[in-house]
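Notes to accompany the following structure.
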Amino acid sequence: MRRVPAPLAALMTTALLLAVTWAAFTPAFQAPDEQSHFAYTQFFAETGDLPGDPGKPIYSSEHIHAAQAAGSDYVMAQPFMRPEWSERRLRVWQDGHAREPRDDGGGPHSAAGYPPASYAWEAIGYRLAGGDFFDRLTAARIFSALWLPVTVLGAWLLAGELFGRRRELQVAAAAVPALLPMFAFVSGSVSPDGMMYALWSLVLWLGVKALRTGLTPARAFVLVALVGAACLTKATSYALLAPAALVLGVGLWRSSRRLPVAGAAVAAIAVWVALAALVGRAVGGDIVVSATGTRPGVRGFGSYLWDFYVPRSLDDYPPFDTFLVGSWAAFGWLEVRFDRGLYLLAAAAVLLVLGGAGFALWRTRSRVDPWTAAFVALAVLALLGGLHWTDYRLSLSEQPFMQGRYLLPVGALMGAAAAGALTLVPAVRRSTALTAGLAFLFAVHVASIGLLLDRFYA
Amino acid sequence: MRRTFAILFVVGVAVALASLLRQTRLEYVAGAPPQLRVVDLRPGQQLCQGPIDLPEGARVERVSLRATGALTITVRDDRDAVLGRGSTRAAGGDLIAPVGAVASPRPVRVCVEGEGSLWGAPATASSFATTLDGTDVIYDLALRLERSHSTRLIAALPRVSARAAVFNAGGPWLYALLGLALLAGVPALLAYAATRSTQSHSPEHSDETS
């Protein structure tokens, strides 16, 4: 039997520990949209049904009073406010409201149109935990946190495919999702995103593996099943359809066993379609955007992209303010941030890594499999394209949308870029460079938890 | 591995210490965020907000509120006994009023008199009854109850973990344990990962997964 490599086990344990720490320290509902995600989880756990009935209230009676007692609504994005920490207030809530109905929510809310896979998973934690409202909230968070080690595994495996079994490079790649604070913060909240990051990282690995070493029936089935699971987790994952189709197309073209491979893919698609039909949520509300105002158009979209990417001022540069800040450290309802200096340091690290990875890629260009490159590029462009199109459409009705954490599904590729940059370091210095990188990410993570404590409890 | 662990441990502890050097004087926030000017108080009027259930061990030495003008703050308990009183002075964008030393196991009210404008928010999710001259109003003030001297966050860590544990699963012990795991366990795991990654080309590791 094959053993799990010790460095991988250590990184997966680290990731779980950090995600659980965020799950424990983050006050109730002080993560993006957690009220809605928990309402979905609770309603599903209590009734087995999906929310969205316009005739029902959004939240259960228990949820309403627990959130009110904890001061959640007042604290959201309000740096002046703190969550409730009076023990007497807790006792008042326990005596008066702790046994209120849990199953009388189920109304429409911002997450009600989402697909159900992650909520069904988090509902297991909710059901297993028992206890009071906050025990069940924490349990649902911890079930979400369990996906972060899987994200780390995907990053490790992807680096193994791209660079071979070079453990230092795999450690560098897997350390990115394990240590970058936003992965642990988001994965440690009730949200579909933690599960989505994990499934994306496995799809990216399996896609590359299938392109490099062949598409077997088992790989075709698992790849389509993973894409289906990702789409049943969050509709952002429809961006995986085009890269997955590329893998299947190229794999079938190269395969000597076309019929079994195609059959396996069709079987997985059939299971996916059947499940989607069963739950009635094939497409999530997060891509069904009903913007009002100006009609979206190609010219308008081009103008939007120009404004987004072409710098007018270094103090107001959207890729920095949304992508960089939001993918590194923007907690709570994004109001918990460091001073700008830390983000400039992070930007320098990102530029170093991207520049190094680009140079390493250029140096080895004759050995790069073009289909693998196309698959990776398609995944990134499909994600970015979908995000920008949604952001553009919503911007027409002045609804803010874009956030840096939306880039995290390609965290495994961010890790691969870090590993690629590390290949440029001479072998004798590579261990030192790796330690420096780990120390930097760990320092940012510790500072992030300090920032959280200062924001909410001091 | 020892050297890598030592580097990571020192970095982690140094950053944790630096993060925890921030000053804090906050005991409790009682009210709403300062979103808008909710009332212009005239001489002779009294605005009261309560009941405020102070956390166990809280000691309130000054009240900070988002306001302008010259105001007098009185802290009373639920039997109307005066526990503290003081006049406001400007501090940054806020007014602060030293009120002595208030520590009450009973619910308290904060009452404001004088002339000035006060900020707060509509009482949509409020657990307070705010009154103007005894009549209920539909807003809450932005009030912060503080100590007069600030302390470093690191010295306040026991209080911080007790606060985090109130509306949450687990007790303060859980936060202490997680803090220890973060500062000692994570560096150990990372050092182990980094060190083992440099030793992985030997035949003994050939049965590992990719």
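Bear in mind that the values in this text are calculations on the coordinates, not laboratory data. A quick note: this is a predicted structure, and the numbers were derived from the prediction, not measured. Positions of Cβ are generated from backbone atoms using ideal geometry, with glycine treated the same way; all protein chains shown enter the neighbour counts.
Figures for the structure shown
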{"quantity": "Convex hull volume per residue for segment A:308-458, taking Cα atoms only, in Å³", "calculated": "136 Å³"}
{"quantity": "Alpha-carbon Rg/Rh ratio, for segment B:59-210, with Rh computed the Kirkwood way", "calculated": "1.27"}
{"quantity": "Difference of contour (0.36 nm per residue) and Cα-Cα distance, residue A:135 to residue A:47", "calculated": "29.8 nm"}
{"quantity": "Coordinate range along principal axes, alpha carbons of chain A, Å, largest first", "calculated": "69, 57, 51"}
{"quantity": "Full-extension gain in nm, residue B:3 to residue B:59, via 0.36 nm per residue minus C-alpha separation", "calculated": "15.6 nm"}
{"quantity": "Distance histogram in 10 Å bins (all Cα pairs of segment A:31-145, percent per bin)", "calculated": "15, 46, 34, 6"}
{"quantity": "Under 5 Å, built H, 5+ apart or other chain: amide partners of residue B:101", "calculated": "none"}
{"quantity": "Inter-label distance, nm, simple model (7 Å from Cα along the C-beta direction), residue A:124/residue A:279", "calculated": "1.3 nm"}
{"quantity": "Potential lengthening between residue A:256 and residue A:316 on full extension [0.36 nm per residue; Cα-Cα distance subtracted]", "calculated": "16.2 nm"}
{"quantity": "Under the Karplus curve 6.51 cos²θ - 1.76 cosθ + 1.60, θ = phi - 60°, whole-Hz ³J(HN,Hα) for segment A:169-181, x wherever Gly or Pro sits", "calculated": "5, 5, 5, 4, 5, 6, 5, 5, x, 5, 10, 5, x"}
